[in-house]
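Participant: Starting off with a structure, shown below.
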Amino acid sequence: MTGIHDEEADDPQHRDEHIAPVPRISVQAFCETEQTLAAVTAAGEDRRLAKAHLTAKSGGLAAAIEVYETMPTPNVIVIESDGTRDILEGLDDLAGVCDPGTRVVVIGNPNDTAPYRELVRRGVNDYVVGPVETIDVVRSICSLFSASEAIITGRIIAVVGAKGGVGASTIAHNVAWTIARDLALDSVVIDLDLAFGTAGLDYNQDPAQGIANAVLSPDRPDTALMERLLAKCSEHLSLLAAPAALDRVYDFGAEAFDAIFDTLRMTTPCIVLDVPHQWSAWTKRALVNADDIVIVAEPDLANLRNTKNMLSVLKTARPNDRPPLYCINQVGMHKRAEIDVKSFAKTMEAQPLAVIPFDSKLFSTAANNGQMIAEVSKSHRTTELFQTMANRLAGRGEVRKPKRSLLGPLLKKLRARTGRGSARHRKAS
């Protein structure tokens, strides 16, 4: 069994949705119900609001107006309406104490009768009909910034191996290359294995600078610095390479790479992280804060255990995100006892994103030549798998081949006859 499983794509609970994180902002919410208060409080723990200072209290519009009569307003105010008061009148009163530039989100009630255009005229930036869940609050606050200002909108895909040597880097590099080539989406690969990274070899690049220059810089990396450090691999693909040198030990704090990721997100639609197989504060943070996670595993017992543990930890740390994905690599290796895909999936309680067959000649040829799989064999089944993975991870869904028409052969013959007839007519003339 090899291929792509796309069962989740049709499940509303797991629909693809990219919600970009917010910059450093202050958010204050005034809630009428305990359910909304709980949802807003939980939203403050979501990774996309990690930089926001969010507080939630009870009281609704009346409490907000009272508070801001004596205090400056934050960047964002979230107001819940219980439907018992004229919401337009309340918003007029709030406008009298609101500072310029403050954005307002209203969590409405089905009993509210105010037209949306009237809410907009009074400065409401978003209106959500209650009751709301945590993800509704996250989506509403984040959309205030990503939609209007294009702040930190890039999508981060983190690829990591469940065990060393399972081919996670190869998959990360091929998926990123496919996203850039087939989807024409500007992409950056960041090789985070500073000591032993292989992205430079796989892309046949030997840049003098890379990720080490950014993370070890005493200054906060800005867009200009990142542009200088990126190596151009193709029209739409760039590389932030690892030094692959052992002249120093690469120990980092949990937040060491945050500024680099945030800076690239402002200018790059797709960022693929090649995360080394190690469990440290910064690797865990990189995985938790990614928009999508792919765990690469081989079909054996150690990989089964590690994948299960990683999925469990990452699901818990990302309760409002799509569950992490996993793929099974090097399936069907000669003379190796393997755990079958069905049993592997049963243990994970989820189907794999992809099942990639073992092909030592294909992959070793690509690695030794500094090429991608599609460059070695354009029509190979694995090339198609990478194309489908790339579409799924880039938020484009599954690419489906057009169905073959039963009339195709007949139409082809008719076109051929028409062409020959036209040629004889021109010759006779």
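The values are calculated or read from the model by the stated rules, or taken from the named source; none is laboratory data. Since the model is a prediction, treat every value here as computed from it, not as a measurement. Positions of Cβ are generated from backbone atoms using ideal geometry, with glycine treated the same way; all protein chains shown enter the neighbour counts.
Participant: Being assigned to a helix (DSSP H, G or I), over 20 Å from T267 (Cβ atoms), in the same structural domain as V249 (by TED's automatic domain parsing) and touching a helix residue (DSSP H, G or I) at 6+ places or on another chain (Cβ under 8 Å) narrows it down to one of L225, L201, so name that one. Show your work before the answer.
Facilitator: Numbers: L225 fails: over 20 Å from T267 (Cβ atoms).
Going through L225, L201 in turn, the sole match is L201.
Participant: Only one of N125, N204 is surrounded by fewer than 22 Cβ atoms within 10 Å (Cβ to Cβ), of a type outside the set (A, V, I, L, M) and in contact with a Lys or Arg (Cβ under 9 Å, 6 or more places away or on another chain); which? Show your work before the answer.
Facilitator: Values: N204 fails: in contact with a Lys or Arg (Cβ under 9 Å, 6 or more places away or on another chain).
The conditions single out N125.
Participant: Sort through R336, R322 and tell me the only one that's modelled with pLDDT under 95 and either small (G, A, S) or in contact with a His (Cβ under 6 Å, 6 or more places away or on another chain) (or both).
Facilitator: R322
Participant: Another question, then. Looking at F358, F344, F386 in this structure, which one is in contact with a Gly (Cβ under 9 Å, 6 or more places away or on another chain) and either under 28 Å from W279 (Cβ atoms) or crowded, with 19+ Cβ neighbours inside 10 Å (or both)?
Facilitator: Working: F344 fails: in contact with a Gly (Cβ under 9 Å, 6 or more places away or on another chain); F386 fails: in contact with a Gly (Cβ under 9 Å, 6 or more places away or on another chain).
Residue meeting the stated conditions: F358.
Participant: Something else: List every residue pair whose Cβ atoms sit under 8 Å apart, with the two residues 6 or more apart in sequence or on different chains, where the first one lies in the range 153-168 and is assigned to a loop (DSSP other than H, G, I, E, B) and the second, anywhere, is among the aromatic types (F, W, Y) and surrounded by fewer than 22 Cβ atoms within 10 Å (Cβ to Cβ).
Facilitator: Here the result reads G167/F363, each pair linking the range 153-168 to a residue that is among the aromatic types (F, W, Y) and surrounded by fewer than 22 Cβ atoms within 10 Å (Cβ to Cβ).
Participant: Residues that are in contact with a helix residue (DSSP H, G or I) (Cβ under 6 Å, 6 or more places away or on another chain): list the helices (runs of 4 or more DSSP H) wholly contained in the range 36-151 that include at least 2 such residues. If you could, list the steps in order and put the result at the bottom.
Facilitator: Values: elements: 60-68, 87-95, 116-121, 134-149.
In the range 36-151, the matching helices (runs of 4 or more DSSP H) lie at 60-68, 87-95, 134-149.
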